[in-house]
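The values are calculated or read from the model by the stated rules, or taken from the named source; none is laboratory data. Here the structure is a predicted model, which is why all the values come from computation and not from measurement. Cβ placement follows ideal geometry from the backbone for every residue including glycine, while neighbour counts extend to all protein chains displayed. Please note that ligands, DNA and RNA were not included when accessible areas were found on the heavy atoms of the full protein model with its side chains. Shrake-Rupley method; radii C 1.70, N 1.55, O 1.52, S 1.80 Å.
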Amino acid sequence: MSRVFGVPMPAELRAGRRSQHPARAVPCPHCGAQAERPCTSKSKRRVMPAPHPQRVSNWAQAKACCPECQVEPGVPCHRDGVPLWGGDTHARRNREAMEVAA
């Protein structure tokens, strides 16, 4: 009797699976999670259901132009020439990054 391994998942089951947030492509500066790994609590005991906001900001900054302050990918967002506190990004830039990722 032979066993078959590596059988592909049926499309009906695959459609029900949640995909991971695209911000998981970058490491998290808050909890230290590596790229492609989920965010955790500081104690590393709980897996967070969503990435930390700073991780999302870093990902959006790396991937999208900001329609609010007109900067290119990789350049931090600013308000009147002053960078946003903590490396944050404008909400419009986060939405733009999500649209690009989709």
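Here PRO38 meets each of (1) within 19 Å of SER19 (Cα to Cα); (2) loosely packed, with under 13 Cβ neighbours inside 10 Å with one exception, condition (2).
Considered as a group, the residues in segment 69-98 that are assigned to a loop (DSSP other than H, G, I, E, B) and among the charged types (D, E, K, R) include one that is surrounded by the fewest Cβ atoms within 10 Å (Cβ to Cβ), and that residue is ASP80.
The rows are residues; the columns are (1) aromatic (Phe, Trp, Tyr); (2) at pLDDT below 90; (3) closer than 20 Å to ALA102 by Cα.
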{"site": "GLY16", "(1), (2), (3)": "no, yes, yes"}
{"site": "SER19", "(1), (2), (3)": "no, yes, yes"}
{"site": "VAL26", "(1), (2), (3)": "no, no, yes"}
{"site": "PRO29", "(1), (2), (3)": "no, no, no"}
{"site": "SER57", "(1), (2), (3)": "no, no, yes"}
{"site": "CYS69", "(1), (2), (3)": "no, no, no"}
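Residue-wise test of (1) open to solvent by less than 40 Å² (accessible area, probe 1.4 Å); (2) touching a strand residue (DSSP E or B) at 6+ places or on another chain (Cβ under 8 Å); (3) part of a helix (DSSP H, G or I).
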residue	(1), (2), (3)
SER19	no, no, no
SER43	no, no, no
TRP59	yes, no, yes
VAL100	no, no, yes
